[in-house]
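Below you'll find the structure, written out as structure tokens, and then a few comments.
Readers should treat all values here as calculations from the given coordinates under stated rules, not as data from a laboratory. Small disclaimer: the values here were computed from a predicted structure and weren't measured. Ideal geometry is used to build each Cβ from the backbone, glycine not excepted, and the neighbour counts take in all protein chains shown.
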Amino acid sequence: MDVLWAGWRAAYMTEVQQGVDTGGCLFCELPAGSDQANYIVERGEQAYSVLNLYPYTSGHLLVAPYRHVGTPGELAGDERLEVWELLARSQSAIDRALDPHGYNLGVNQGRAGGAGVLGHLHLHVVPRWSGDANFMTATANARILPEALEDTWQRLREALGDL
Ligand SMILES: [Zn+2]
């Protein structure tokens, strides 16, 4: 697990850099663009899911509320429900499209918790395959993913359409 979480943090550091480049909060800005341009998988009433631009594995996506809040406790009741609903729907789509062996689901909160984008809660959904940790250990800083983001996005959208 140490190896896994080290890779996880590396992905967050890239998110930090992207956040700085855009001059604002990444998770507030993403919904303003088109689904295809920003790899948004699904839009709900209160929250959305989006592919991580720097995925840890193929299908790695994020579920975030539209509202800029930093902790689960700040979510209103309907936001809490929909974040969980989008998590469940995302997993169903990933199961159908990518058939992973397992998942890591997690929130890094606050700088000490390893969060890359501070202040805007986001839940990571990371599909896992047996043996992928060994692959990651050797190539944590130069990942070669078996599938392009565009292809993953298309497959998840199609899978959601079937749900
Ligand atoms: Zn925000």
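Computed quantities for the displayed model
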quantity	calculated
Sequence ranges 60-66, 149-155, 98-104, 50-56, ranked by mean other-Cβ count within 10 angstrom, highest first	60-66, 50-56, 149-155, 98-104
Charge context of LEU75, other residues only, Cβ under 15 angstrom, K/R +1, D/E -1	-4
For region 154-161, 3J(HN,Hα) per residue [Karplus equation, 6.51 cos²θ - 1.76 cosθ + 1.60, θ = phi - 60°, Hz, x = Gly/Pro]	4, 5, 5, 4, 5, 5, 5, x
Radius 13 Å from Cβ of PRO127, net charge of other residues (Lys, Arg +1; Asp, Glu -1)	-1
Neighbourhood charge, 15 Å Cβ-Cβ cut-off, centred on LEU156 and excluding it, Lys, Arg +1 and Asp, Glu -1	-4
Amide H contacts under 5 Å for VAL69, placed H, 5+ residues apart	LEU121
Relative contact order, percent, region 19-129 [alpha-carbon distance under 8 Å, six or more residues apart]	28
